[in-house]
Structure formats: C-alpha cells, structure tokens
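One structure is given below, encoded as structure tokens.
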Amino acid sequence: MELPFAEPYKIKVVEPLRRSSREEREKWIKEARYNLFNLRSEQVFIDLLTDSGTGAMSHHQWSEMMLGDESYAGSASYFKLKKVINELLGMPYFVPTHQGRAAENVLFSATIKEGDLVPGNSHFDTTKGHIEFRRATAVDCTIDEASETLLYHPFKGNIDLNKLEDVFRNNPREKIPMCIITVTCNTSGGQPVSMQNIREVSALCKKYGIPVIFDAARFAENAYFIKQREKEYANHSITDIVREMYDHVDAATMSSKKDAIVNIGGFVACRDKELFDKISMYCILYEGYLTYGGLAGRDLAAMAQGLTEGCRYDYLESRIGQVAYLGKLLKEYGIPCQEPTGGHAVFVDAGKVLPHIPREEYQAQTLAIELYLEGGVRGVEIGTLLADRDPKTRENRYPNLELVRLAVPRRVYTNNHMAFVAACLGNIFERRDKITKGFRITKEAPIMRHFTVELERK
Ligand code: F0G
C-alpha cells in the first residue's frame, strides 16, 4: 500500500481558539461596520484573512530569535541574512525593510516618477497603491485566461507578451522604469508564472532596455509549481529552480511575511551597484540604517532561517497540499473557485455564488460576511471594494472577478480546520438563493479604502 501523506513537522505549542454563537457574530460584525478588518481576533474562529505574517515559526527560527544581534550597525544577523540572499537568490546587494510595501516604497522612490507606466501581471494592491501614489500607472498585462475562473491553465500568473510589447512599443523607454513579475500572482488567485514566461518576459524587457523586477513574496511556492507543472523542471531541486528564476531579473521586492515564514520583515535585492546606492539613501530615510532596515536583529536572523526552510520541498508539498485540500473539498460541495487552486489561498468566485446580487452591492463582501456569520471564518474580499475608485473619475472600478480569498497561514491550521471552512461554505451555497441583499458604503478613505471602509446592509 502506498503510504498516505503526513506533515513534515509536529506541534510543540498550541494556541486555544474560542468558538462563538451566531448571535454574538451578528452583533460583532455589525459593530465592525461590516468590515472584517475591524473584528478583534478573539471574535474569529478560523482566520483566513491573510497568509501574511501569520505563519508558525519553527523552533530553529525561534532559536535564531534568541541569537539575534541587536547592534545598530554591522549586526551578525544582517550578515546571516546577506549570506542566504547571496547564495539562495544569487543577488549581490540588498537592503532590509520592515515589510513588502516598505520595500516597494524604497525601490519605487528611486525609480518611478509621475507619468510613468509600470506593466506587470495583476499588481498587488500595495504595489499599485505605491505606483498610483506617485501619479504613475500600473498596466495589467496578465493573460486573459486568468479571469476565466473555471478554465484550467497551469500558469494563470503568466504575462501576455503581446500586451507587454504593446506597452513597450507605444511609449517612450524613459517612461517605463520597470516591468514587475509577481510570483506567485496573488491578485489572479495565487497563480504561478512559468519559467518559460519568466524567461520570455525577461528577454523582451532586455530587447527594450527595461529592467525586470520580481514582486517575490511567494517565490518559493512559485518554484514548487514550476517543478510540478513544467515538465523539464520535474527533476530540478526547488533551490535550483529558485536560483534560475532570480537569474532572469534585475531586482526584487520581498514581503518576507509570506515565503520566509516570519511575522514581520522584507527586503529589496538587486544586482546593480548603482541602483543599490540609490535605494540605500531611501532605506536610511524611511526604514533605518542599511544593516537593519526597520527590523530588530532577531527578525533578520529568523528571516534568514525562514528563507531556507521556505524553499524545502517537504515543507512546500505539505503547505501547498493543504491549500489544495481545501480547494478539493469546496469543489466537492459544488462551489465555483479559481481553477486550479492557488499556492497560498483558495479564491471563491463570489460572482458565480451570488450572481443575483448587483455588483454595486459588493457580491464578494456579501459572501465574506455570510461566511463569518456561518462559522466565524474570516476571509477577505478581492473584488470591487479592493479595486477602489478610478483615481481620475472617482468611479468604482469593477474588476474582472468578484472573489473571496481564503488565505491559509503556513503551518498553523490542520486539515480538520479546512474541512470546517469548506462545510461552512457548503451550507451557504445551499441557501444562496435566500441571500438577496448586499451592502452600501457609508464611509471610505481616498486610497486603499478596503482596510477602513464602513458599510451597512442594503
Ligand atoms: N506583494 C504581494 C504579492 C503581496 O501579496 C503583498 C502582501 C505585498 C506585496 C505587500 O507586502 O504586506 O509585507 O507589506 N500581501 C498580503 C496579503 C497583505 O494578504 O496578500 P507587505
């Protein structure tokens, strides 16, 4: 008999979870103005709001926390991290930052100016926010297949080379400071980018003299998918694939809260000394001195260890396998999800679950609130609320998809938790025709409104 899969770790510390009644949840979500970000964590049973900074560190990482060197300059922990970034990613220069968006702030301050265009595959919201804040434009060049949730495509994070070349042809070179490849592509459903696509995008950018940057938050999960789905890489190690991915790019911004499995941290890595000198100034200005960049020495040490662990095959198999398990259960209940299941999350197609609710009433937010009411499960809306308003017209931007993302923290929940979440959605799916009303906005911020938006029932 073939032996079943089992997690390559055991659990040393547990954190009790509190269950609640539906009446309690009705009251709490109303008090939170129907914004799931406003809930207290004790009001949530299973928290799939994000996989960012919510992972469980290993005991090796915790021991690195104790070894952290808190020197202001030249910390030994900095050099530990430098060694891993040099050897694993092949990047000679880097500055630490306190998280991914801080890395974007540092890099973009040195490279993006008003009127620029930044093509890429569905930029993450903070990335887009940092681009638009500088009065530049993020141009989405993701392949069209990415917005057809039920269509199987192994690499729905891929960039459409024709769309990208159109941007290059129709605009002056000096207006395009970079092309960003997000690995995996969070916004299109945690979907990977193939090595072939990375290679081709990189070649096209080289032809036009445009730098290529990774938004690398989930680069190791991307490498796992390349190994699984791109035949010629089946026998390559994850670390070889990671190295080859990075060989095609000039720089990377990293949110270490994902694939480096730490609770806080990030960095910008690059090849070019001149770029490094430029970003160094912004790192010192916004984050801190070059050898700590807004972090404690212990955070740098845990990050170095986490980067290494995050690239282990056994770990990735278990992590991505758990997300796939949740996806499989949802499909068994008939719930339409982005196909195939992503690396860090399952994306439920709320537009298909609640098609009878008008988009102006926020279908995905309505489903996310139902899920909280049903079982105390917190997901997140990836739809019209997140897409925000057009910076010029101030009209709602309606994205291609209305999704509820169920992001699975790393090494935190068991498959029983996944089964619980799937059953909650199964119940909602059965009574979906009875959910007839969505929400209206009563208060919103001028940029990135989803974090603080306030809503009321229609
Ligand atoms: N890039 C990607 C692809 C991300 O998913 C995130 C964060 C960032 C950049 C920004 O990094 O949070 O460390 O500042 N994503 C989280 C999420 C918040 O829930 O998907 P950060």
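The accessible-area ordering, largest first, of the residues SER188, SER21 stands as SER21, SER188, per a 1.4 angstrom probe. Note on the chain: Kirkwood radius taken over Cα pairs, Stokes-Einstein applied at 10 °C and 1.306 mPa s, translational D equal to 71 µm² s⁻¹.
So what does the Cα-only Debye profile of the range 59-309 read at q = 0.11, 0.12, 0.14, 0.16 Å⁻¹, as log10 I(q)/I(0), no solvent term? Relative scattering, expressed as log10 I(q)/I(0), comes to -0.54, -0.65, -0.88, -1.14. Put a dot 7 Å past the Cα of LYS27, heading toward its Cβ, do the same for TYR9, and the two dots end up 3.6 nm apart. Annotation: average projected area of the range 270-404 is 13.0 square nanometres, based on the convex hull of Cα atoms across all directions.
If R0 equals 35 Å, the separation of the Cβ atoms of TYR286 and LYS443 corresponds to a calculated FRET efficiency of about 0.75. In the range 246-311, a dipole from Cβ-located charges (positive for Lys and Arg, negative for Asp and Glu) runs towards its positive end, and of TYR289, HIS248, PHE276 it is TYR289 whose Cα lies farthest in that direction. For the pair LYS175 and ALA73, label points projected 7 Å from Cα toward Cβ lie 4.4 nm apart.
Please calculate how many Å² of accessible area the chain carries per residue, with a 1.4 Å probe and no DNA, RNA or ligand atoms counted. Mind dumping the intermediate values first?
Working: 19520 Å² over 458 residues.
Accessible area per residue, the chain: 43 Å².
Label separation (LYS392 vs GLU360): 2.4 nm, computed from points 7 Å beyond Cα along the C-beta direction.
Nearest 0.05, what FRET efficiency do ASN86 and GLU232 give at R0 = 25 Å with Cβ-Cβ as r? Intermediate values should be presented prior to the final figure.
On the way: r = 27 Å, r/R0 = 1.06.
Efficiency, rounded to the nearest 0.05: 0.40.
Under 5 Å between amide hydrogens, built in the peptide plane, is the criterion, and for GLY120 it picks out VAL139, CYS141, ILE180 among residues at least 5 positions away or on other chains. Dipole size of the range 28-84 about its Cα centre, with +1 on Lys/Arg Cβ and -1 on Asp/Glu Cβ: approximately 160 debye, rounded to the nearest 20.
Leaving out ligands, DNA and RNA, and with a 1.4 Å probe, what % of the accessible surface on the range 59-309 is carbon or sulfur?
Exposed carbon and sulfur together represent 52 percent of the surface.
With a Förster radius of 25 Å applied to the C-beta separation of GLN196 and LYS328, the computed FRET efficiency comes to 0.35. Tell me what the chain gives for mean residue ellipticity at 222 nm when only DSSP H runs of n ≥ 4 count, each as -39,500 (n - 2.57), the sum divided by the residue total, rounded to 500 deg cm²/dmol. Computed ellipticity for the chain at 222 nm equals -11500 deg cm²/dmol. Report the one residue of GLY327, PHE267, ILE447 whose Cα lies farthest in the direction of the positive end of the charge dipole of the chain (charges on C-beta: Lys and Arg +1, Asp and Glu -1; origin at the Cα centre). Checked the options; the winner is ILE447. One quarter of the surface of the convex hull around the alpha-carbon atoms of the range 295-368 equals 7.4 nm², the direction-averaged projected area.
The values are calculated or read from the model by the stated rules, or taken from the named source; none is laboratory data. Only a predicted model underlies this, so the values are computations on that prediction, with no experimental measurement involved. Neighbour counts run over all protein chains shown; Cβ positions are idealised from the backbone, glycine included. Areas reflect the complete protein model, heavy atoms only, side chains present, ligands, DNA and RNA absent. Shrake-Rupley method; radii C 1.70, N 1.55, O 1.52, S 1.80 Å.
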